[in-house]
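Here is the structure we will look at.
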Amino acid sequence: MRTLLLQTICFLLYACSSNTPKVQHVKPIPNLTISQPRTQPVLPQKYYNSTYYGVFQKPGKLDPAVEFWCKTYTVWRRSEVAFHDDRYMDIIYEVMILPGNVDESLTTEQKELVKKRREFWKIQLAALESKLRYNVQLNTGDKQLIAKLKSNGRQLNSVLTGASERVRSQRGTRERFKHGLDISRRYDRQFRKIFHDAGLPEDLALLPHVESSFQPSAKSSAGAVGMWQFTKGAAKTYMPAGDRIDQRLDPFVSATGAARYLSHAYHKLGDWPSAITSYNHGIGGMKRAQNTVGRDFVSIVDTYDGPAFGFASRNYYAQFLAVCKITSNPRQYFP
């Protein structure tokens with residue numbers, strides 16, 4: 001009898017325990033916020049030479065391009081036009097001074113002068129290539145041209161091939177850059193705070209020097225508007241707002257949009273040279289470049305020939321580095 005009673009009690013206890021719901025331990029859902037930028041990937045020293053502007057790598061091979069843009073921004077005035085090789089940026093054939101009064105926009109006559117002089121250098125280079133091919137005697141001008149091409153230890157044959165098609169002209173922007181430098185003082189502190197609060201390098205606040213020279217109402221032929229040069233599509237993604245006001249004309253709203261964009265670009269592309277260049281070429285465009293050439297940014301600049309990856313995209317990061325260099329010591333360039 002006692003045994004039967006014990007068995008009955010055990011059965012009832014088991015039945016009660018089996019009907020008790022089990023406690024589920026659920027992991028909390030993480031906050032959906034933009035994470036901090038990852039640590040920079042370590043690249044071979046031959047590409048970066050351990051040189052940095054802040055957190056931004058400065059590959060040694062970009063030195064000629066950086067110096068070229070420093071001259072464009074601080075040395076050459078708007079009345080001066082440099083004729084140069086669009087790949088080997090230290091090869092500058094001539095700096096021509098335009099006659100007469102030179103405004104922000106060139107007159108038809110001034111544009112024609114630039115065009116004719118550009119054609120002159122194309123002809124000179126094509127003639128030199130022909131002379132060397134057929135062993136024709138060289139004159140003094142030819143020898144001077146060869147010295148320019150061979151500077152920095154370059155092989156003449158490799159650099160001369162196609163040089164006539166790489167001649168480009170670049171107007172100086174000293175006055176425009178200096179004016180932008182004066183305007184930027186009104187915005188610099190707040191722009192830096194926006195990028196700092198987003199967990200991004202504060203020097204990204206310097207990008208409007210490249211984009212618009214800090215002109216709040218700047219407009220491009222591609223439809224980009226404002227100091228930060230947002231297109232309508234990019235603005236809709238990174239700075240959503242009402243329909244009545246174009247927020248692209250608000251420097252601070254646009255700066256916040258730029259911070260969102262650059263954070264997204266960095267996490268997609270993995271390094272600052274590519275992320276900053278994507279501000280010109282697009283995240284998808286830079287991703288295609290990485291998939292085609294590899295992650296090394298110098299190789300992308302040197303060898304990638306994808307659609308729309310032209311002179312502006314190849315030089316965008318070098319321009320940004322030039323701005324970083326100038327603004328780190330503006331009195332050196334604008335006493």
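Note on region 116-176 and region 203-281: Cα centroid distance 38 Å, given to the nearest whole angstrom. A convex hull fitted around the alpha carbon atoms of region 188-244 yields 103 Å³ per residue. For region 78-172, treating each Cα as an identical point scatterer without solvent, what Debye log10 I(q)/I(0) comes out at q = 0.17 1/Å? Calculated log10 I(q)/I(0) at the listed q: -0.74. A simple packing score, the average count of other Cβ atoms within 10 Å per residue, orders the peptides 178-190, 87-99, 64-76 as 64-76, 87-99, 178-190, with the highest score first.
Set the Förster radius R0 to 51 Å, insert the Cβ-Cβ distance between L249 and Q137 as r into 1/(1 + (r/R0)^6), and round the FRET efficiency to 0.05.
0.25
Kirkwood hydrodynamic radius computed over region 183-295 comes to 14.3 Å, based on all pairs of distinct alpha carbons.
Read the figures in this text as sums done on the coordinates, not as results from a lab. Being a predicted model, the structure only gives us computed values, none of them experimental. Note: ideal-geometry Cβ built from the backbone for every residue, glycine included; neighbour counts use all protein chains shown.
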